[in-house]
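Written out below as structure tokens is the structure these notes cover.
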Amino acid sequence: MQQPTIQQQLNAAAAAAVRSVGVIGAGSSGLAVAKNLKQAGLPFECLEREDQLGGNWCFGKPHSSIYQSTHLISSKQLTEYTDFPMPEEYPEYPGHRQVLAYLQDYCRRFGLDEHIRYNSGVRSVERHADHGWRVTTESGETRCYSHLVIANGHNWDPRLPQLPGEFHGTVLHSSDYKTPDQLRDRRVLVVGGGNSGCDIAVESSRTAPSTCLSLRRGYHILPKFFHGTPIDVCGERGLWMRMPLWMRRLYAKGVLFLTQGSAQAVGFPKPDHKLFECHPVINSTVVDAARHGDLRVVPDVVELLPGGARFSDGSTGDFDLIVFATGFKISLPFIDRAELNWRDGAPRLYLNVFHPQRDDLFVAGLIQPDSGQFGLVDCQAKCIAAYLKGLHQGRASAAELQRVKQTETPNLSGGVRYVDSPRHAVEVEHHSYRRRLEKLYRRLSRP
């Protein structure tokens, strides 16, 4: 059977028209999509499983994985939406309450609340006839949309290591950790050297009688500030000055030497990769905690014991509580993976947004940037809205993207070779990625 031409596909999409776009999730990504659909004049409805917006930033809600002391790990300047700056009075790294208030203000500013259906968690998504999607909510209600944008986030389904042995104490994933009271009077082992692992280890070092941090590999740990400036803003200056990668690495090494000296001197393993080849760890205090003797760095866990753990160097430790800060799986349980071109643990989409073959299914926020996310997702959402509008109006730019997304797979690493691990399945180099999205949006906006 002969496949329809690109122009025939475009005509079919235009004939179907944009009856209504369904947006799954009213967190930071879903709100960005909603705002841009509204500004483009496209009808839409946003489904949110909680009774309020904010997604992961709603501390204390059942599906929120943040803890009481959570702050942004990227500066407000490099996190905020492109057309809605965070308040000047906010600190450089706002806390979760301030971030939630910011999202609520964003919703009010752009009049999004009337489009959000709260307490509407999605149970299943299925194709509806020849065009569109049938969405069934957890209450059993069915909603039909001509187009669908999935924006439910990917930091909610815990990844736990499969280790031999059995531990008789308490086991938590970092998403289950909420307050220091959970650590009090416990001998604590934190497994994992990402941002959450380092944060929890520092908090434990101030609360628990003893704390160990288990690291599988060494990491380059950058401070939050250099000479009073957020470290990611310092890095951004180098990017805007078009410094080559080797020069930016040399600059960052100088910062590390001046601010913390050698982390290996207090037990942190030497990194087995170059700077920027792993998702950045931004923490000003974890090395200090080790220098003060409040935190001990230990090797990778290879076996659980009834009263503790065995490490890769053959040593053992006694613990009452193990916190696995081992990240999250990318999970979209309400839709068949085949619908999302799923490969090697993640959907394979053009720019991590556009389905290669389908023009009625998009994903927003499915990125792990080396900086802030809100503004990048805003750029994604602008492109989604412009593409939908272009399909409806028969624009040549939409036809061109239709061709390109079926045939090209752009490199989103900005020239960086990332460490091969599940952590980097959707990693993007934020500066080059933003420029690529902005260029695409300009093309799609042409009449």
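The values are calculated or read from the model by the stated rules, or taken from the named source; none is laboratory data. Everything quoted here is computed from the prediction, not taken from an experiment. Don't worry about glycine lacking a Cβ; one is built from the backbone with ideal geometry, like all the others, and counts go over all protein chains shown. These area figures cover heavy atoms from the full protein model, side chains too; ligands, DNA and RNA do not enter into them. Shrake-Rupley method; radii C 1.70, N 1.55, O 1.52, S 1.80 Å.
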(message) Quick query: amide H of D300 versus all other amide H atoms, modeled in the peptide plane; which residues come in under 5 Å with a sequence gap of 5 or more or a different chain?
(response) L215, S312
(request) Bin width 5 Å, alpha-carbon pairs only: give the P(r) of the range 102-160 as whole percents, running from 0 to the bin holding the largest distance. (result) 4, 14, 18, 21, 18, 16, 7, 3
(request) Using Cα positions and a limit of under 18 Å, work out the aspartates and glutamates in reach of K270, with same-chain residues fewer than 8 apart set aside. (result) D288, D300, D313, D420
(request) Would you mind getting the accessible area per residue of the range 29-106, heavy atoms of the protein chains only, 1.4 Å probe, in Å²? (result) 38
(request) Using only the Cα atoms, work out Rg/Rh for the range 24-153, with Rh taken as the Kirkwood radius, to two decimals. (result) 1.00
(request) May I ask you to list the chymotrypsin sites (Phe, Trp or Tyr not before Pro) in the range 298-367 that are in a DSSP loop and have at most 12 other Cβ atoms within 10 Å of their Cβ? (result) none
(message) Beyond a 23 Å Cα-Cα separation, which of these cross-linked pairs lie in this structure: K76/K389; K38/K389; K35/K439?
(response) K76/K389
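Could you tell me the calculated FRET efficiency between T409 and L258, based on Cβ-Cβ distance and R0 = 30 angstrom, to the nearest 0.05?
Efficiency, from the Cβ-Cβ distance: 0.15.
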(message) What is the percent carbon and sulfur in the accessible area of the range 42-170, measuring with a 1.4 Å probe over the protein chains and ignoring ligands?
(response) 45
(message) Show me, bin by bin at 10 Å from 0, the whole-percent P(r) of the range 137-178 based on Cα pairs.
(response) 16, 32, 23, 20, 9, 0
(request) Could you pull out every one of the lysines with an alpha carbon less than 20 Å from that of K274, ignoring same-chain neighbours closer than 8 positions? (result) K224, K253
(request) Please identify which residues in the range 174-215 have an amide N closer than 15 Å to a label point set 7 Å out from the Cα of H292, following the Cα→Cβ vector. (result) 199-212
(request) Please state the charge dipole magnitude for the range 80-141, taken about the Cα centre, from unit charges on C-beta atoms (+1 on K and R, -1 on D and E), reported in debye and rounded to the nearest 20. (result) 340
(message) Placing +1 on the Cβ of each Lys and Arg and -1 on the Cβ of each Asp and Glu in the chain, which of S146, F328, H173 has its Cα farthest towards the positive end of the resulting dipole?
(response) S146
(request) Please list 83-91, 211-219 highest first by mean number of surrounding beta-carbon atoms within 10 Å per residue. (result) 211-219, 83-91
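Measure off, as a whole percent, the carbon and sulfur share of the 1.4 Å-probe accessible area of the range 288-447, all protein chains present.
45
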(request) Report relative contact order for the chain in percent, whole number only (criteria: Cα-Cα under 8 Å, sequence separation at least 6). (result) 21
(request) Order these peptides, 163-170, 369-376, 293-300, 225-232, by their mean beta-carbon neighbour count within 10 angstrom, highest first. (result) 369-376, 293-300, 225-232, 163-170
(request) Please go through the range 232-278 and write out the trypsin sites (Lys or Arg not before Pro) that DSSP classes as loop and that have at most 11 other C-beta atoms within 10 Å. (result) R242
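In Å³ and rounded to a whole number, note down the convex hull volume per residue for the Cα atoms of the chain.
Values: hull volume 70.4 nm³, N = 447.
It comes to 158 Å³ per residue, whole-number rounded.
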(request) Grab the DSSP H runs of the chain that are 4 residues or longer, score each as -39,500 (n - 2.57), total them, divide by all residues and round the 222 nm result to the nearest 500 deg cm²/dmol. (result) -9000 deg cm²/dmol
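Mind checking which helices in the chain clear 27 Å along their axis (Cα) and have mean Kyte-Doolittle hydropathy of -0.5 or more, DSSP H runs only?
On the way: long enough: 374-393 (28 Å, 0.48).
Long hydrophobic helices here: 374-393.
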(request) Treat each spin label as a single point 7 Å out from the Cα along the C-beta direction, and report the Y251 to S139 distance in nm. (result) 5.2
(request) Give me the lysines in straight-line cross-link reach of K178: C-alpha distance below 19 Å, same-chain residues under 8 apart excluded. (result) K61
(request) Name the residues whose placed amide hydrogens come within less than 5 Å of the amide hydrogen of E92, ignoring near sequence neighbours (fewer than 5 apart) on the same chain. (result) none
(request) List, in order, the whole-Hz ³J(HN,Hα) value for each residue of the range 341-349 obtained from phi through the Karplus relation with A = 6.51, B = -1.76, C = 1.60 and θ = phi - 60°; use x for Gly and Pro. (result) 6, 6, 8, 6, x, 7, x, 9, 10
(request) Could you tell me the distance between the Cα centroids of the range 120-171 and the range 214-263, to the nearest Å? (result) 37
